[in-house]
Amino acid sequence: MRLVVASCAARYTGRLSAHLPRATRLLVVKADGSVLLHSDGGSYKPLNWMSPPCSLAVAEPDDESRAAGVTQVWTVQHQKSDDRLEIELFDVLHDSAHELGVDPGLVKDGVEAHLQELLAAQIGLLGDGHVLVRREYPTAIGPVDILAKDPTGGSVAVEIKRRGDIDGVEQLTRYLELLNRDPLLAPVRGVFAAQEIKPQARVLATDRGIACLTLDYDAMRGVDDVDSRLF
């Protein structure tokens, strides 16, 4: 992984256009080819990024850009679309590369891990005829909680949260983007499952064609007798 802290500006063109004016940011170049730009805030989410497969080319600035203080120009081109991320570097404060090795992946605990275990055992909650393929299905950006097959043989990726918010929908969206590149799995549809799904997250999921499933933790554990409820 390469980490660069620099004063930079960036422009993204392709399916959408976006511009980042000059500021000091962290640039992350990962071994899978992805390039991310982070500010000192906003939690884990980058300001802009390019997901693999893509290529990074570093070039000298032209005379006009050099006169404006640009020292390097990074061009990150997606290999399967016209999407392009162009980054102008001014002052580089830090530049280092580190070998991280093979990551074992996220080990979940607590309620979310138990929800995953319960839903895998009760996969019919996704609908009649669904069958479990695997829990913790690996991808280049982390494991998908559950991969299943629907009655037609289509692939279903399930992301499980205790409380479902927009970040969870974004996470599942990234998983779906990767999984749908695999011809052995595509098309893959998504299911966002949580004990509680916030209205904004439900709207975003619906807009992206992702189904929402509310999980009753007590009922799944057999603690709550749903037949004895008044409502």
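Key figures for this structure:
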{"item": "Pairs with Cβ under 6 Å, 6+ apart, first in the range 136-155 and closer than 17 Å to Pro183 by Cβ, second acidic (Asp, Glu)", "result": "Ala140/Asp32"}
{"item": "Qualifying positions in the range 131-154 - touching a helix residue (DSSP H, G or I) at 6+ places or on another chain (Cβ under 7 Å) and open to solvent by less than 20 Å² (accessible area, probe 1.4 Å)", "result": "Val144, Asp145, Ile146, Ala148"}
{"item": "Unmet requirement for Cys212, which otherwise passes all of (1) farther than 30 Å from Val5 by Cα; (2) assigned to a helix (DSSP H, G or I); (3) open to solvent by less than 50 Å² (accessible area, probe 1.4 Å)", "result": "(2)"}
{"item": "Selected residue (only one of Gly222, Gly164, Gly190 is in contact with a strand residue (DSSP E or B) (Cβ under 6 Å, 6 or more places away or on another chain) and modelled with pLDDT under 95)", "result": "Gly164"}
{"item": "First in the range 163-179 and under 11 Å from Lys45 (Cβ atoms), second anywhere and open to solvent by 40 Å² or more (accessible area, probe 1.4 Å) and part of a helix (DSSP H, G or I), Cβ under 8 Å, 6 or more apart", "result": "Ile166/Gln200"}
{"item": "Pairs with Cβ under 9 Å, 6+ apart, first in the range 36-52 and closer than 16 Å to Arg2 by Cα, second among the polar types (S, T, N, Q) and open to solvent by less than 60 Å² (accessible area, probe 1.4 Å)", "result": "Leu36/Asn48; Leu37/Asn48; Pro46/Ser39; Trp49/Ser34; Met50/Ser34; Met50/Gln77; Ser51/Ser34; Pro52/Ser34"}
{"item": "The listed residue being at pLDDT 95 or above, charged (D, E, K, R) and farther than 23 Å from Asp82 by Cα, out of Arg22, Arg11", "result": "Arg22"}
{"item": "Pick from the range 168-184, criterion touching a Ser or Thr at 6+ places or on another chain (Cβ under 8 Å) and under 24 Å from Ala113 (Cβ atoms), ranking: surrounded by the fewest Cβ atoms within 10 Å (Cβ to Cβ)", "result": "Arg174"}
{"item": "Enumeration of residues in the range 6-17 that are open to solvent by less than 40 Å² (accessible area, probe 1.4 Å) and under 20 Å from Ala57 (Cβ atoms)", "result": "Ala6, Cys8, Ala9, Ala10, Tyr12"}
{"item": "Test: residue in the range 52-59 that is open to solvent by less than 80 Å² (accessible area, probe 1.4 Å), over 20 Å from Gln171 (Cβ atoms), assigned to a loop (DSSP other than H, G, I, E, B) and among the hydrophobic types (A, V, I, L, M, F, W, C)", "result": "no"}
{"item": "Hits in the range 24-50 - residues which are part of a loop (DSSP other than H, G, I, E, B), at negative phi and open to solvent by less than 30 Å² (accessible area, probe 1.4 Å)", "result": "Ser34, Pro46"}
{"item": "Filter result (modelled with pLDDT of 90 or more and either surrounded by fewer than 13 Cβ atoms within 10 Å (Cβ to Cβ) or not aliphatic (A, V, I, L, M) (or both)) within the range 105-122", "result": "His114, Gln116, Glu117, Ala121, Gln122"}
{"item": "Top-ranked residue in the range 72-104 [being surrounded by fewer than 16 Cβ atoms within 10 Å (Cβ to Cβ) and β-branched (Val, Ile, Thr); ranked as modelled with the lowest pLDDT]", "result": "Val102"}
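The values are calculated or read from the model by the stated rules, or taken from the named source; none is laboratory data. Everything quoted here is computed from the prediction, not taken from an experiment. Cβ: placed from backbone, ideal geometry, glycine included. Neighbour counts: every protein chain shown. With ligands, DNA and RNA removed, areas are computed over all heavy atoms of the protein, side chains included. Shrake-Rupley method; radii C 1.70, N 1.55, O 1.52, S 1.80 Å.
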